[in-house]
Structure formats: structure tokens, C-alpha cells
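Visitor: Sharing a structure, written as C-alpha cells. Questions coming.
The values are calculated or read from the model by the stated rules, or taken from the named source; none is laboratory data. Everything numeric in this text was worked out from a predicted model, so none of it was measured. Every residue, glycine among them, receives a Cβ derived from its backbone with ideal geometry; neighbour counts consider all protein chains shown. Surface areas here come from the heavy atoms of the whole protein model, side chains and all, with no ligands, DNA or RNA. Shrake-Rupley method; radii C 1.70, N 1.55, O 1.52, S 1.80 Å.
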Amino acid sequence: MLTELTIENMAVIEKATVPFGPGLNVLTGETGAGKSILIDSINAILGNRTSRDLVRTGAAKASVWALFSNLGPAAAKQVEQAGYSLDDGQLLLMRQIGADGKSSCRINGQPATAAVLKQIGQSLLNIHGQHDNQTLLCPEKHLSVLDAYAQNEQLRRDYYESYRVLRDIVRQIQALSMDDAEKQRRMDLLRYETDEIETAQLWEGEEEALTEERDKIRSAERILQALGMAQAALEGAQGDQPGAVELLENASRPLDEIAEISKEYRQLTDRAGELYYAAQEFAADIGTALDTFDYDGQRLEEVEERLDLIHRLERKYGESVSKVLEYGQKAAAELEQISFCEEKLDELHAQRADALKGARAKADALTKNRKEAFERFAGQIAQSLAFLNMPGIRLALSYTQGKLSSTGQDEVEFLISTNPGEPPKPLSRIASGGELSRIMLAIKSAMADRDEIDTVIYDEIDTGVSGLAAGRIGSKLKETSTGRQVICVTHTAQIAAQADEHLFIAKQVQNNRAYTQVERLDEAGRVKELARIISGDKITELALANAREMLKLART
């Protein structure tokens, strides 16, 4: 359960520590005192989205700490699965919100993300706000409420697995199904494409090789001229002008004559010889290149025609030869698939029949479970509503069997009959705001024993009710808090009188700044606060006596 909430620099709250106990915890105070800030702070600590507007003006950041103790098995397991450990059975969640919009989180002092906080928070707290009543007016939400009460998770998982298999088979059938004319057109196109690619006899790297060959042929004159000039420089031009080979030989001869004089001259002689033989070998390579160079104008035409074919295929099927070949393989595979699709379709239709039979059977089992659960659900709701001063209310189920979907075959809507003999009608056409609050409380009460969440928060569940109905809501909240923790924000004395812990929220203005404080009320404080709720600013002796009587009746 939530043991303590500490808030710093959150809107009007500069610093406050709010203690909570087991059973029913009630928060009261004037409108605008900061009760909603407490709910916003709890939402923040649960990893929900926040706004930097919550940071108190002038502060660099807002901080919230929430201490939980005596965690239930489900919550403890969730913490462990998230990779964190409990500290003596306690869990401390922390979140900071910067004025720049940045946020940081910690779990028992270890860094965490808001997503992890949210995951863990779902097993710790359940917050019911005023807007939640509107979910009752949305028929599409009713099925999830019924499933939560029925606790049919395994049935829904079994059904969904069968539905998923059926859906995949249907998709395969749709992909293969086409009329004969469309099929023939597609096959003709695929045959043309695969034949065109196969006839071209492309190979990896062909385009690069042909491009290089084309460039060489186009540059034949330049190549021959360059090779000839190089050969002349090495071997000498026609006439008496010597070439580099002869010059190196001439340089080498005189050095041979002094090679024996010293080691230094021997090294010069060796280097001259190496250069001479290298130049001689290089001249031979140039000559070979000249002799083997073949300029063929007809070959240039062949190469360019081949490159034109490759480029045309690339424009149609891919940006490279490898892409064209890949497209051809896919086209051939699709052609084979379509050619044998009749046989495959027969096989898939047989599989679909079996899958549909299995999915339908599991959908029927889910439908039966939901209908049986609704009978129990409606009975509990009727009892709770009768206690909440709504006698004669009957909850009915509008059921339609639709097509199989991810949630089954059921389309449901909760209907309500307010008087005996009257036909049930949609909630939106009958229920007022106060009635919706009591219906939602009845639903929450019915669900209380069906989840493992230790703490439930009601934010002004008493909206639109007063008098006897408010007293009954207080009694129901007290009943619901048995064995768990309930936290309720209220403006109603009848509910506040039922509290095991009564917290008073007050706002003061000092030096033109608002400050909110939270005080745990003792017996005298509770009497005074109940009298204020009853009579307003002027607390009379009669109001005080009335408050004492309310507390006495609540305890008995």
C-alpha cells in the first residue's frame, strides 16, 4: 500500500509530506486548495505524462517521492521482473520534473525510465477520476469491463491464438485468389519478364567489364600514341638520338672500371646495372603492349549495344545487374506460385475450414463465459446500487453475435432499467452524473476482489450526490477498503466521516505566494472539518454537534 507521499515544488505545494494508512483515507479541503495537485503528483510517480507547468514558479524542478510497503505478490513480482529489488519489503519511487521539461526517475535509488515506472505502477495503484464515469457511456468499453470481471484471460489467449492462425490462412487465400482473366494477364507478364531477363544472359560484374573495354577502344589513338612515345623515350627515336636504355648502359660502363677501387663505387655500379636492366625490361613490356593492342571498330559497336541492353533492363527491373537478376528470380517464383495456386488454394481452403471450426468453438466458449459472468456481475451491481439508494435498478446486457474478431464474436452493451417493468435502455439516455458515479462505484466494488491491486484512489466519486446517497457511498467505500487501501478525495461530510485516516488540505497566501499544507486530523480536527463541510465558513455549535453525531454513527 501507499505509505507516504512527499512533494516538493509542485504547483502550489512548496513542500508537503502526506502520510497514508490502511483502510479508508479521505482528503478534504476547500476547492483550489491543492487536492488535484496530489492526484497529479501520484500520476507523475506512476510514470504518466506530465507537464513542466506543474513546476512551482521560480523553482528549477519539482520532485515527488512515494513510499510503498507490504506489497502484494503481483506487485512484488512486477518489481522483480523489471530488474529491481525491494528494500526490506519497501519500494521507494521518485520522479523529478525539470522546468525545462526534462524528467528523471528512480526506483529504490536506482535509475529508471518513466515507462518502467508506469509498468510497475499498474500493479500498485488504480486511480478512478471523474472522467472515468464517461467510459460507462461508451459501449465499446463495456466488453473490457466484463472481461476484467470474468477473469477470462486464458480463454481469451486461447481464442486469439486460433483467430490469428485463421487470419493468416485467410490472408494467404486472398493473396492467391484472382479471377481467371487477371491470373492469365499476370502470368503472361511474368513469362515475358523472366524470358527477357534469361535471354539477356547477364552475369555479375559484366557492366563494369564492358564499360572498361569500351573506354579502352574509344581511347585507342591516345593509347597508341602514349605507348609509342614511351617506347621512343626508352629505345631511342629514329636517327642518332639515343634512348633511356642506351643512356643507362653508357652510364654503367665507366662505373664498371672503378668498381674495384672501393665499396662506395661498387654500390654505384650495382645501382646503375639495376636501372639498366629495369629499363630494358620496361621497354620490352611497352613493346608487348603495342604489339598486342587490337583496335577493332566493330567490337566497339558490339560493346555499346550490349551496354544499351543492360541499361534498358536496369531501367525496367533494377538499378544494377544484380537487382535485375534478383527481380528475375522473384518473377520466376511468383509465376511458379500462380501456376500451382489452384492446388495451393484447395489446401488453404481445407485449412481454413479446420481453423474456422476451432476458432468458432473457442469463441463460443468465450461467449458462454461472458454471459455467465454477466449474470453474477449484474446481481452484485443490483445489490450495491440498492444499498447506494438506487433500488429497483436492473443491469441488462445487449448482446449481438458478430463476425469473429481479435476479441471474439461478441458485441455487448450494458443497459439499465430504472424501474420494474420498464425495458432496459442505454446508460447515456437514463443515467445522470450522480447515478453514473454510483454505478461506477458499484462496478469498482464488484471488481475489488478480482484484482491484486492494493490501493484504489477515488477522485471525487461523490460528484452529483448528497444526503442519503452520499452516506451510502461512504459506507460502500468503507466496505471496499476492508483488506485494502482506499484513498478518496471528497467534498461530502457523510463520506469523510467514514475515514480511518482523515487528511486536511489547506492553502494559505504569504507574501503574495500560495502555499499548500497537508494535515493529519485528530478527533477534534475531524469534528471541526466535518462541521465546516456541513455549514461552510460559519461553524455553529449545532454543526459541531452534527459532526460528532456523524462520526459516532460511522463507527457503529
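Visitor: Name every residue in segment 24-41 that is out of contact with any helix residue (DSSP H, G or I) (no Cβ under 9 Å at 6 or more places or on another chain) and crowded, with 24+ Cβ neighbours inside 10 Å, in order of residue number.
Guide: Correct list: Asn25, Gly34, Leu38.
Visitor: Related question: If we scan segment 307-327, do we find a residue that is surrounded by fewer than 17 Cβ atoms within 10 Å (Cβ to Cβ) and of a type in the set (Ser, Thr, Tyr)?
Guide: yes
Visitor: Right, another one. Filter segment 52-79 down to the residues that are within 25 Å of the chain's Cα centre (by Cα) and open to solvent by 50 Å² or more (accessible area, probe 1.4 Å) and list them by number.
Guide: Arg52, Lys77
Visitor: Test of understanding: among Gln494, Gln498, which residue is in a loop (DSSP other than H, G, I, E, B) and crowded, with 24+ Cβ neighbours inside 10 Å?
Guide: After applying the criteria, what remains is Gln498.
Visitor: Of all the residues that make up segment 441-466, how many are among the acidic types (Asp, Glu) and surrounded by fewer than 21 Cβ atoms within 10 Å (Cβ to Cβ)?
Guide: 4
Visitor: If I go through segment 354-391 residue by residue, how many of them are in contact with a Ser or Thr (Cβ under 9 Å, 6 or more places away or on another chain) and in a loop (DSSP other than H, G, I, E, B)?
Guide: Of the residues in segment 354-391, 2 are in contact with a Ser or Thr (Cβ under 9 Å, 6 or more places away or on another chain) and in a loop (DSSP other than H, G, I, E, B).
Visitor: Could I ask something else about it? Scan segment 257-270 for residues that are outside any helix (DSSP H, G or I) and open to solvent by less than 100 Å² (accessible area, probe 1.4 Å) and report the count.
Guide: Total satisfying the criteria: 3.
Visitor: Let me ask you something else. Scan segment 200-256 residue by residue and report those that are of a type in the set (S, T, N, Q) and not in a loop (DSSP other than H, G, I, E, B).
Guide: Within segment 200-256, Thr211, Gln225, Gln231, Asn250, Ser252 meet the criteria.
Visitor: Could you check segment 286-300 and list, in sequence order, the residues that are over 60 Å from the mean Cα position of the chain (by Cα) and surrounded by 12 or more Cβ atoms within 10 Å (Cβ to Cβ)?
Guide: Passing the criteria: Ile286, Gly287, Ala289, Leu290, Phe293, Tyr295, Arg299.
Visitor: Does Glu479 satisfy the condition of being out of contact with any Asp or Glu (no Cβ under 9 Å at 6 or more places or on another chain) and closer than 26 Å to Met10 by Cβ?
Guide: no
The rows are residues; the columns are (1) in contact with a strand residue (DSSP E or B) (Cβ under 8 Å, 6 or more places away or on another chain); (2) without any contact (Cβ under 8 Å) to a residue 40 or more places away in the chain; (3) under 30 Å from Leu234 (Cα atoms).
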| residue | (1), (2), (3) |
| --- | --- |
| Glu274 | no, yes, yes |
| Gly287 | no, no, yes |
| Asp294 | no, yes, yes |
| Arg315 | no, yes, no |
| Gln337 | no, no, no |
| Leu345 | no, no, no |
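Visitor: Taking segment 421-432 on its own, how many of its residues are in contact (Cβ under 8 Å) with a residue 24 or more places away in the chain and in contact with a strand residue (DSSP E or B) (Cβ under 8 Å, 6 or more places away or on another chain)?
Guide: Residues meeting the conditions: 4.
Visitor: In addition: For segment 157-197: of the residues being within 30 Å of Glu411 (Cβ to Cβ) and open to solvent by 80 Å² or more (accessible area, probe 1.4 Å), which is modelled with the lowest pLDDT?
Guide: So the residue we want is Gln174.
Visitor: Identify, by number, the condition in (1) surrounded by fewer than 18 Cβ atoms within 10 Å (Cβ to Cβ); (2) within 40 Å of the chain's Cα centre (by Cα) that Ala150 doesn't meet.
Guide: (1)
Visitor: Which of the residues spanning segment 402-414 are more than 16 Å from Ala365 (Cβ to Cβ), open to solvent by less than 30 Å² (accessible area, probe 1.4 Å) and free of Cβ contacts under 8 Å to residues at least 60 places away in the same chain?
Guide: Gly402
Visitor: Quick one: in segment 501-553, of everything that is in contact with a Phe, Trp or Tyr (Cβ under 6 Å, 6 or more places away or on another chain) and outside any strand (DSSP E or B), which residue is nearest to Thr28 (Cα to Cα)?
Guide: Step by step, filter segment 501-553, then rank; the result is Glu529.
Visitor: Give segment 23-48 a look and list any residue that's touching a residue at least 40 places away in the same chain (Cβ under 8 Å) and within 27 Å of the chain's Cα centre (by Cα), or say none.
Guide: Ile39, Ile42, Asn43, Ala44, Ile45, Leu46, Gly47, Asn48
Visitor: If Ala469 satisfies every condition in (1) open to solvent by less than 50 Å² (accessible area, probe 1.4 Å); (2) in a helix (DSSP H, G or I); (3) more than 27 Å from Ala378 (Cα to Cα); (4) of a type in the set (A, V, I, L, M) but one, which is the exception?
Guide: The number of the failed condition is (3).
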